Amino acid sequence: MTPASFDYMSPISLEEAVQLLKKHGDDAKILAGGQSLIPLMKLRFTSFPYIIDISRVSGLKFIREEKGKLLIGAMTTNAELEFSETVRGHHRIIHDACSRIADPLVRNMGTVGGNLTHGDPGNDLPAVMIALRAKYTLVSADGKREVSAADFYKDTFVTELKQGEILTQLEVSAPGKLFAGAYEKHKRRTGDFSVAGVGVAFERKTDGTLKNVGVGLTSVGPVPIHAAGTEKALEGKVPDTATIEKAVDAVKSESRPVSDFYGTDEYKRFVLGELLKRAISRAVRRTSGGD
Ligand SMILES: Cc1cc2nc3c(=O)[nH]c(=O)nc-3n(C[C@H](O)[C@H](O)[C@H](O)COP(=O)(O)OP(=O)(O)OC[C@H]3O[C@@H](n4cnc5c(N)ncnc54)[C@H](O)[C@@H]3O)c2cc1C
């Protein structure tokens, strides 16, 4: 099918983009890589009279470390993140997720900003950003504000992003030497969204205990889930068998999967528990330079 007709706009500055959004209100929609929006428009699940393509807006595509933080521009593609030396070096959890999104064609076009703002609980990067305690910068014609990844997701396809706002960048604290993270997902075939996914990040102190634990979940509820109970089960503990079993119990009880063609809710909880174990042990290996 073809989409309903629309006016196409292609601003070259952020100021121009936010003014267009303000002018056209609810009739306008941002287009980034088009990997989620265009299929929805072609299927006529959605339509907008004005499409504002932000791919020519300058200053939205970057990956840089600054004052102890990792900053990523919203128009950075999933493939650019996947192949970034900075990301591979210090933020392997982001590489884990980006390298397993869909297929290379989708990763070449899809952007981090689109992945984070679409509000699809099956998108992989929100769980990673929740685990990393990332902050999102939202800009509108009326100003700028920051929202934490954990507070951003309200319901399926409903986020904290207000009409007129554009996500411009996300910010992650640069990790100390003992910090590591890992993202694990299970999908049935290449190109599928996950049955379940889990991102874990923490510092591992010299006595072996975990500190500043972050856990985010994919595809096991109506939103990307901030798994605060699982974090609590791991915080301050040595990740031995007993602790990991408690964390698995916690993650199963705070996930909210539903049965669908990917599997039953019970199966998804089981998969999630196994993925959590793998993510913890991979992150632990990484804190000592492995994997
Ligand atoms: C076949 C297929 C398989 C896929 N599998 C996966 C998968 O396994 N895991 C996964 O994580 N993703 C998957 N995706 C999604 C893909 O990874 C993209 O990240 C995602 O489509 C959104 O990025 P985009 O740049 O294409 O956004 P678009 O499609 O352009 O936009 C999506 C939404 O985000 C809004 N938006 C985009 N950028 C901004 C911004 N900067 N500020 C405010 N709003 C904005 C748009 O208005 C729109 O509502 C898949 C996509 C396809 C087509």
- request: Kindly put 53, 240, 7, 124 in sequence by how many other C-beta atoms sit within 10 Å of each C-beta, fewest to most.
  value: 240, 7, 53, 124
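Can you tell me the FRET efficiency between residue 228 and residue 1 if r is taken as the Cβ-Cβ distance and R0 is 30 Å, rounded to the nearest 0.05? Provide the component values of the computation, followed by the final result.
Details: r = 42 Å, r/R0 = 1.40.
Efficiency for this residue pair is about 0.10.
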query: Picking from 60, 35, 174, whose Cα lies most toward the positive end of the charge dipole for the chain (charges on Cβ: Lys, Arg +1; Asp, Glu -1)?
result: 174
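Assigning unit charges at the beta carbon (Lys, Arg +1; Asp, Glu -1) and nothing else, what dipole magnitude in debye, to the nearest 20, does the chain show about its Cα centre? Mind showing how you got there, number by number?
Values: 40 positive and 37 negative charges, 116 e Å.
Roughly 560 debye for the chain.
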- request: Of the options 161, 143, 289, report the single residue whose Cα projects farthest towards the positive end of the charge dipole of the chain (beta-carbon charges: Lys, Arg +1; Asp, Glu -1).
  value: 289
message: Which of rounded, prolate or oblate describes segment 130-275 when judged by the alpha-carbon gyration tensor and an a/c cut-off of 1.5?
response: oblate
- line: Which of 67, 154, 237 fluctuates most in a GNM of the chain (C-alpha springs under 10 Å)? That residue is 67
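Kindly rank 135-142, 208-215 from highest to lowest mean number of other beta carbons found within 10 Å of each residue. Numbers along the way, then the final one.
Working: 135-142: 18.2, 208-215: 20.1.
For the peptides 135-142, 208-215, the packing ranking is 208-215, 135-142.
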query: Out of 242, 74, 17, any idea which swings most in a Gaussian network model of the chain, alpha carbons joined below 10 Å?
result: 242
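Among 117, 287, what is the fewest-to-most ranking by other Cβ atoms within 10 Å? Mind dumping the intermediate values first?
On the way: 117 24, 287 20.
Going from sparsest to densest Cβ surroundings: 287, 117.
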message: Loop-only chymotrypsin sites (Phe, Trp or Tyr not before Pro) in segment 41-125, please: DSSP not H, G, I, E or B, and at most 11 other Cβ atoms within 10 Å.
response: 45
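List 129, 75 from most exposed to least, where exposure is judged by having the fewest other Cβ atoms within 10 Å. Before the final figure, lay out each step's value.
Numbers: 129 29, 75 24.
By the 10 Å Cβ count, ascending, the order reads 75, 129.
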Helix 265-287 vs. the chain, principal-axis angle (Cα, 0 to 90°, nearest 10): 80
message: Using Cα-Cα distances under 8 Å and only pairs 6 or more residues apart, what relative contact order does the chain have, in percent?
response: 15
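What Kirkwood Rh does the chain have if only Cα atoms enter the pairwise 1/r average? Answer in Å. List each step's numbers first, then the result.
Numbers: mean 1/r = 0.0516 Å⁻¹.
Averaging 1/r across every pair of different Cα atoms and inverting gives 19.4 Å.
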query: Using 1/(1 + (r/R0)^6) with R0 = 51 angstrom and r between the beta carbons of residue 274 and residue 162, what's the FRET efficiency to the nearest 0.05?
result: 0.85
statement: If every Lys and Arg gets +1 and every Asp and Glu gets -1 at its Cβ, then about the Cα centre segment 135-198 yields a dipole, in debye to the nearest 20, of 300
- prompt: What is the helix-to-structure angle for 14-24, meaning the angle in degrees between its Cα long axis and the longest Cα principal axis of the chain, kept from 0 to 90 and rounded to the nearest 10?
  reply: 70
field: Cα centroid of segment 111-185 to Cα centroid of segment 220-267, whole Å
entry: 20
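When ranked by the protection proxy of mean other Cβ atoms within 10 Å per residue, highest first, what sequence do the peptides 170-181, 252-263, 189-200 form?
The densest-packed peptide leads the list: 189-200, 170-181, 252-263.
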- line: Out of 91, 24, 118, a Gaussian network model of the chain with alpha-carbon springs under 10 Å gives the largest mean-square fluctuation to 24
query: Angle between the Cα long axis of helix 241-254 and the longest principal axis of the chain, 0 to 90 degrees, nearest 10?
result: 30
statement: Note to self, the chain gives a 222 nm [θ] from helices alone (DSSP H runs n ≥ 4, -39500 (n - 2.57) apiece, / all residues, nearest 500) of -10000 deg cm²/dmol
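Readers should treat all values here as calculations from the given coordinates under stated rules, not as data from a laboratory. These numbers were taken from a predicted model, which means no experiment stands behind them. Positions of Cβ are generated from backbone atoms using ideal geometry, with glycine treated the same way; all protein chains shown enter the neighbour counts.
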